[in-house]
Structure formats: structure tokens, C-alpha cells
1. Testing residue 293 on (1) among the aliphatic types (A, V, I, L, M); (2) crowded, with 22+ Cβ neighbours inside 10 Å; (3) without any contact (Cβ under 8 Å) to a residue 40 or more places away in the chain, one condition comes back false. Which one is that?
2. If the requirement is being outside the structural domain of residue 12 (by TED's automatic domain parsing), touching a Gly at 6+ places or on another chain (Cβ under 9 Å) and more than 20 Å from residue 294 (Cβ to Cβ), which of these qualifies: 96, 64?
3. Would you mind stating whether residue 169 is in contact with a Pro (Cβ under 7 Å, 6 or more places away or on another chain), buried (at least 20 other Cβ atoms within 10 Å of the Cβ), modelled with pLDDT of 95 or more and under 13 Å from residue 67 (Cβ atoms)?
4. State the number of residues belonging to segment 214-261 that are more than 20 Å from residue 38 (Cβ to Cβ) and either among the acidic types (Asp, Glu) or modelled with pLDDT under 95 (or both).
5. Which of the residues that make up segment 56-89 are buried (at least 17 other Cβ atoms within 10 Å of the Cβ) and either farther than 24 Å from residue 23 by Cβ or of a type in the set (Ser, Thr, Tyr) (or both)?
6. Answer yes or no as to whether residue 150 is hydrophobic (A, V, I, L, M, F, W, C), under 18 Å from residue 29 (Cβ atoms), touching a residue at least 40 places away in the same chain (Cβ under 8 Å) and surrounded by 24 or more Cβ atoms within 10 Å (Cβ to Cβ).
7. Output the residues belonging to segment 39-52 that are crowded, with 24+ Cβ neighbours inside 10 Å and touching a helix residue (DSSP H, G or I) at 6+ places or on another chain (Cβ under 7 Å).
8. So residue 58 passes all but one of these: (1) assigned to a helix (DSSP H, G or I); (2) over 16 Å from residue 340 (Cα atoms); (3) out of contact with any Asp or Glu (no Cβ under 9 Å at 6 or more places or on another chain); (4) not basic (Lys, Arg). Which condition number does it fail?
Amino acid sequence: MAPDLSLPLLRHPVVQAPMAGGASTPELAAAVSGAGGLGMLAAGYKTPEAMYEETRHLRRLTPRPFGVNLFLPQEPVAGPAAVAAYRERLAPEADRYDAALGDTDRGGSDAYDAKVAILLQHPVPLVSFTFGCPEERVLRRFAEAGTSTVVTVTSVDEALTAQDRGAAAVCVQGAEAGGHQGTHHDDPAADGGCRATGLLTLLALVGEAVRLPLVAAGGLMRGSQIAAVLAAGASAAQLGTAFLVCPESGAHAEHKRALTDPLYDRTELTRAFSGRPARALVNRFVREHGPHAPAAYPDVHHLTTGLRRAAGKAGDPQGLALWAGQGHRLARTMPAARLVEVLAGELASARAASTGREVEA
């Protein structure tokens, strides 16, 4: 049996994924935690001060455990010339939306050190990390502060690094997951998903390699799927797309509508909006620019920020980053707390069916 996460008061093995860019609000995290799951805040792209204020707001909304996700510092793989060429390509988009292309000379630290310092001074129950694994001393300091740490991994090697450095758990992210792939090293040779591994296979591989609790992530939308990953060795399941359509989510209304719109019938990994592979619904922007986007995160993210905001203001989903997992058509519009309850009920039913027992009313 997989070891448990150190999360007191967690009644259901349901983690709301930290979705950077505005979708993960304190209200969403509070609703999920209040219903017995684990709500998460996304610190990516926020200032340290904004992150701190969100944690304070969330504490006022719920006394239950929650987590905060940090991005590890990044440097573009492609050089300035490639970014300049992409800027030139996007010039017509700037004209289309009457928006300025962003400044790419902003560095890739995402104020990581300052955010770590704040979370050590004002500890939260859990901190997770994406795009890499912190140094051993950082993970040790969080443990000393009473904070559980989770490192997002997409391979056995990444999981072994997290274990060696002292992470409390790993979030095993399969290729089905929406949004950014949390790979520790951006490898343009892997574009197209040819080296990405599906969740159940990756769970088995990582589960045999490390002795840490596993949080499963990637395309999960139903309680029966949660039952499957728990049976495969996970301690909990992390869902993002399932919570995007909840009223507490800060996702754009057009993004929410697109998730179940038959017009958007598939997803793909694209660098079009950020310069790093991320799974999104295929829209005009992905089709036209995805094949030409350089491996230059976060430069491309900053370059397209104004375009995405202008597309949102215009109500044009064809210019939005419509992050979505492969199970997006299964999204259900309901309050987040209710969704946790429904997932927990489906999980109980699936477990009972597997043992031949009836679920008590």
C-alpha cells in the first residue's frame, strides 16, 4: 500500500490542481478544502506580495489545509534570435487585437527565492513545485517548518531526484494532463509528445522506483478514474480541468464554454503561448503559431501575455490559451464543493463495485 500524505483533515483523496494564470482562486481552493479535498493556490506569474495576500485571504476563508505551488527558475532553450523571429511572426496578431507584444527581457526566476522566503516565514500546510526540483536544503527547511513538499515529475529520473533531495511526495503527471508539462528540463527533441508517458504507465514505473507517496495527475475527471489511480498505487488524485468550469474558478468564461463545446474536439501539446509544451484545446492560434513557437519559456509567455488578455477582453476564444486535459469533454459545471462530493461518491461506488459490496445510502 502506498504511504499516506501528511495532510491532517483531508477526508477525500482529491487535490485541486494549481492552475497558474488566474484559474486557481482563493475561493476555489477554499471550496475544495472545505469539502474535504485539498485546494491549491498557484503562485506562478504572481508577485511575492500577491502570493502572500492570497494565502492570507484563503486562511480567512477556511481553516482547512491547503497548498501553494511554485515554479522553479527557468532559462529559455532557444536564443534571442528565435524569440525575435517569433515576435515578428506575431506582429499581425498584435494588429488584430490592437495589443502590444510583451517585453521578453524579464528573466525566468519568477521571484522564486522571495516566494520561498515568504512561505518559510509564514508556513502553509503544503508547497508543491513545478519545472524542477528544489535543492535539498530548501526541502529540508520546509520540512523543519512543518510544510509537506510535493515535486511534480514526468519521469522516473525526476522522481528519483525528488526522493534523493528529500521531497515528501511526488505528483506524477501523465501526458494526458492539461496545461504545462512539468518536465524538469525542456527538451525540444521531445515535442509532439513522442516521449511523453501516459499516467497509468508512469505511475507503475515511478511506484516501483521510489518509496514516496504518489499524487496522480493527468486527464482525471471522474471518481472511477480516481479509484483506478489509487488502485495503481497513488495516495491521491490531482484534477485541474475538472475544476476549471466551477463558478469559483477564475478561468475566462470563453475558456469554460470551450471545454465542452463540440467545436473543440481535441487537444495537443503546444509551445504557441508560452514557449514550453502545454496541453490546450486546438484553436486558431495553436494551429497557426504552434509549429513555429521556439523553446523559449518564459520569454514567449511574456511576449504573448498582452495578446491573450486582449483576446479575452474581445471574447475571442481563438486567441486564448485554452488549457485542457484530454478528458475535457467530461467537465461538469457545478460548485467546487459539490464536485468534490460527487467525485467522492463516484469513488466509493467504484471501490464497492470492485469488491462486490453495496454503497450505503
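1. Unmet for residue 293, out of (1) among the aliphatic types (A, V, I, L, M); (2) crowded, with 22+ Cβ neighbours inside 10 Å; (3) without any contact (Cβ under 8 Å) to a residue 40 or more places away in the chain: (3).
2. After ruling out the rest, the residue left standing is 96.
3. Taking the combined requirement at face value, the residue satisfies it.
4. Total satisfying the criteria: 2.
5. 62, 76, 78, 82, 83, 86, 87
6. Yes, satisfied.
7. Within segment 39-52, 39, 40, 41, 43 meet the criteria.
8. (3)
The values are calculated or read from the model by the stated rules, or taken from the named source; none is laboratory data. A quick note: this is a predicted structure, and the numbers were derived from the prediction, not measured. Backbone-built Cβ (ideal geometry, glycine too); neighbour counts: all protein chains shown.
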